[in-house]
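Reviewing the structure listed below.
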Amino acid sequence: MAPCRLWWSRSEPERSGPREYAAAGGPDEYAAAGGPDEYAAAGGGMSTWRPFGRGDDGMPRTLAESLDRVARAIGGRDSSVMAVVFRHWEAAVGPSVADHARPLSLRDGVLVVGVTEPAWATQLRFLSADILANLEAAAGTPVAERLEVRIRPSRSR
């Protein structure tokens, strides 16, 4: 995973930290200069924010591409499949089941569902093949190989 660039990162490696920023005059000098662009132009070494990653064509990545990369990096499916699971959950399981069960994660071919009571866990285990088939129909591709159920009591109690 790529490192995160902070707002105070500078183009010159020898002047790249908050201590150097403070030693150079700190917030008073920065504010007096009028902001990051003016501070950099005055020799403060600050640079404005720039996108960290670029796509293969040199253009910035779309949000969907970035979400897909993050999802795959943590073992998930692409973001469009995950969106189908969460968006079409009630249609896939029915309103009465959706009141007591919700998807928690989709990772490594396993859809993890949280339910409010043990009886609902039993019901979802019984319906797992139908639920996965309904989600596959909505997504147009297999969503998960299996469904795992976890009991998560309602927060309203």
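The values are calculated or read from the model by the stated rules, or taken from the named source; none is laboratory data. From a predicted model like this one, the values you see are computed outputs, not experimental measurements. Glycine also receives a Cβ, built like all others from the backbone with ideal geometry; neighbour counts cover every protein chain displayed.
Return the residue satisfying two criteria in turn: it lies in region 81-100 and is among the small types (G, A, S) and without any contact (Cβ under 8 Å) to a residue 40 or more places away in the chain, and of such residues it is surrounded by the fewest Cβ atoms within 10 Å (Cβ to Cβ).
Of the residues in region 81-100, the ones among the small types (G, A, S) are 83, 91-92, 94, 96, 98.
Add one more test, that the residue is without any contact (Cβ under 8 Å) to a residue 40 or more places away in the chain, and what stays is 83, 94, 96, 98.
On the way: A83: 14, G94: 14, S96: 11, A98: 14.
The qualifying residue surrounded by the fewest Cβ atoms within 10 Å (Cβ to Cβ) is S96.
Could you check region 93-151 and list, in sequence order, the residues that are of a type in the set (K, R) and under 20 Å from V81 (Cβ atoms)? It would help to see each step written out before you state the result.
Pass one, region 93-151, residues of a type in the set (K, R): 102, 107, 125, 146, 150.
If the condition is that a residue be of a type in the set (K, R) and under 20 Å from V81 (Cβ atoms), then R102, R107, R146 are the ones that fit.
Could you list, in sequence order, the residues of region 86-130 that are within 27 Å of V70 (Cα to Cα) and among the aromatic types (F, W, Y)?
Result: F86, W89.
How many residues does region 117-143 contain that are within 25 Å of the chain's Cα centre (by Cα) and without any contact (Cβ under 8 Å) to a residue 60 or more places away in the chain? Walk me through it before giving the result.
Let us first name the residues in region 117-143 that are within 25 Å of the chain's Cα centre (by Cα), namely 131-132, 134-143.
Of the ones still in play, those that are also without any contact (Cβ under 8 Å) to a residue 60 or more places away in the chain are 131-132, 134-140, 142.
Matching residues across region 117-143 total 10.
Condition (residue is modelled with pLDDT of 70 or more, out of contact with any helix residue (DSSP H, G or I) (no Cβ under 6 Å at 6 or more places or on another chain) and exposed (fewer than 12 other Cβ atoms within 10 Å of the Cβ)) applied to region 38-51: is it met by at least one residue?
Checked against the condition, which is being modelled with pLDDT of 70 or more, out of contact with any helix residue (DSSP H, G or I) (no Cβ under 6 Å at 6 or more places or on another chain) and exposed (fewer than 12 other Cβ atoms within 10 Å of the Cβ), region 38-51 yields no hits at all.
Take the residues in region 105-157 that are assigned to a loop (DSSP other than H, G, I, E, B) and touching a His at 6+ places or on another chain (Cβ under 9 Å), then tell me which one is surrounded by the fewest Cβ atoms within 10 Å (Cβ to Cβ). Steps first, please.
Looking only at region 105-157, we keep the residues that are assigned to a loop (DSSP other than H, G, I, E, B), and these are 108-109, 116-117, 140-145, 152-157.
Still in the running and touching a His at 6+ places or on another chain (Cβ under 9 Å): 116-117, 154.
Values: T116: 18, E117: 14, S154: 11.
Restricting to residues being assigned to a loop (DSSP other than H, G, I, E, B) and touching a His at 6+ places or on another chain (Cβ under 9 Å), the top hit is S154.
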